[in-house]
1. May I ask for the percentage of alpha-carbon pairs in region 192-300 that lie more than 23 Å from each other?
2. Restricting attention to the alpha-carbon atoms of the chain, what are Rg (one decimal) and Dmax (integer), both in Å?
3. In degrees from 0 to 90, rounded to the nearest 10, what is the angle of the helix 371-383 Cα long axis to the longest principal axis of the chain?
4. Report, in listed order, any pair from 108/146; 190/212; 379/474 with a Cα-Cα distance greater than 18 Å.
5. Please report, to one decimal in angstroms, the Kirkwood hydrodynamic radius of region 396-517 built from all distinct Cα-Cα pairs.
6. Please give me, ordered by residue number, the trypsin sites (Lys or Arg not before Pro) of region 435-509 that lie in loop per DSSP and have at most 12 other Cβ atoms within 10 Å.
7. What does the extension gain come out to for residue 473 and residue 176, with contour length at 0.36 nm per residue minus their alpha carbon separation?
8. Ignoring ligands, DNA and RNA, what percent of the 1.4 Å accessible area of region 462-517 is carbon and sulfur?
Amino acid sequence: MKKLFVVLAVIVAVVLLGCAQQPQGKEEVKAITIGVTDKITDLDPANAYDFYTWEVLNNVMGGLVRYKPGTTELELYLAESYEVQEDGLVYIFHLRKDLKFADGTPCKAQDVVRSIKRVMSIQGDPSWLVTDFVKDVEAVDDYTVKFTLKKPTSYFLALLATPPYFPVHPAYKENEIDTDQTAGGIGPYKIVEWKRDQELILETNPYFFGDKPKTERIVVRFYKDATTLRLAIEKGEIDIAWRTLTPIDIESLKANANLKVIEAPGGFIRYLVLNGNESTEYPTKDVNVRKAIAAAIDRNDIAERVYRGTVEALYSLVPIGMWSHIDVFKEKYGDGNIDLAKQYLQQAGYSEDNKLKLELWWTPTHYGDTEKDLAQVLKEQLEKTGMIEVELKSAEWSTYVDYARKGAMMASLFGWYPDYLDPDDYTTPFLKSTANNWLGYPYSDPEMDELLEKASTATDQQEREQLYKQVQEKLGEDAPIIPLIQGKLTIVAKKNIEGITLDPTMIFRYYLVYETS
């Protein structure tokens, strides 16, 4: 018995010694795991120009102003004050004095200027958001940034809230795209691990000037399709399923007692790009071909068959509910108007014996598993004319984007999420000849450029509204891009996950999410 006590005493002593040697006060890092089927393109705001990548950038970076979470109201962020001079041609911003990058490096006016000029120099996809408006940007002193604009711009503050204006760490390459750079900018989180198309891990930025994120660690896992994403949320492998589950999955998951489905109205739209660039050999450069395609498409059929009624038919690039919206494509073409489509095809020289050969491109994962169905339904609708033969082609998102930039697709499916909440953001990026390089310059028209220029500089909203209605009328007449549907956003989460806020900007702010006990 005495030996047993001795042995027990030794064991207890060893355990106590071990406990004494453990770090004191070290708490387990709280983490929330988000699953997506989407992909990150470039962790570089000089070239990133897709909704999901911008979402990530908005969690690890920020600009002089931002949209106040949960609203469409702009508020100061990295700047503490500003003034407008010379009738709207000059904006002067005064920075906060406590700005630091995620490694503790101070951020000053020179860093803001360097980052914006870097965007202008690299001329990546989103560079037009800077170069179309900013004549020059300079550091007046360490904490003062001065913008001189090319023209007064009524929505310049909204532009400043987009990633091309975010200051980035000096580690970013000076004059070339730094696709996988993880140094980030000034935001609530920092990137601690990045495995492309596999996993992204974010942790609280200890040098962030603002409120500490409600969850210390965010893990983003990238899934190959909606089926695996759904299984992951059902099995509890992830806490949140986001971008993108199928409508059928969402319906089913609503019945799961362990999960909740959060839906929000969305300003995101889907559309078909028809390459009308005159330098190509594509038949879509003929306006009658484009009009025929616009007439043959049946949006209500798409909404029901592909999306099970979870979206609305859309007849303009300006979304429903936004000022200046008109149903221009409904008025000009209707839905599934096969007779009208045949008339346009005949004018273009096609017949049942001489069919239009159309290549329709789609991408498998970026827009979710419904994309294949959308492409197939469009093929069926167009081939109902008896004069169109559609060949479906697909490519993964990174390749798809590259093809678009090179103008290598005849007809291609895309979606749009707002950069800034203004009709200009739903028109200029597609229709202005200096802004649609990200689509390979599929359309260029001097009259359209002039209309968009006038609309962007006018200060009276009634005047702007009339100009954007003219833009939409011309869009309907030239038909370079065919609007299809307007959707809404859906997130599925465990019951104990709170703080999920989807406002009209549609940016998911990870730093507001937390887990209750």
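The values are calculated or read from the model by the stated rules, or taken from the named source; none is laboratory data. Quick caveat, the model's predicted, so the values are computed rather than measured. Using ideal geometry, Cβ is built from the backbone for each residue, glycine included, and neighbour counts are taken over all protein chains shown. These area figures cover heavy atoms from the full protein model, side chains too; ligands, DNA and RNA do not enter into them. Shrake-Rupley method; radii C 1.70, N 1.55, O 1.52, S 1.80 Å.
1. 58
2. Values for the chain (Cα only, Rg and Dmax): 25.7, 106 Å.
3. Roughly 10 degrees, rounded to the nearest 10.
4. Checking Cα-Cα distances, 379/474 exceed 18 Å.
5. 17.1
6. 495
7. 103.0 nm
8. Answer for region 462-517 is 42 percent, counting heavy atoms of protein chains only.
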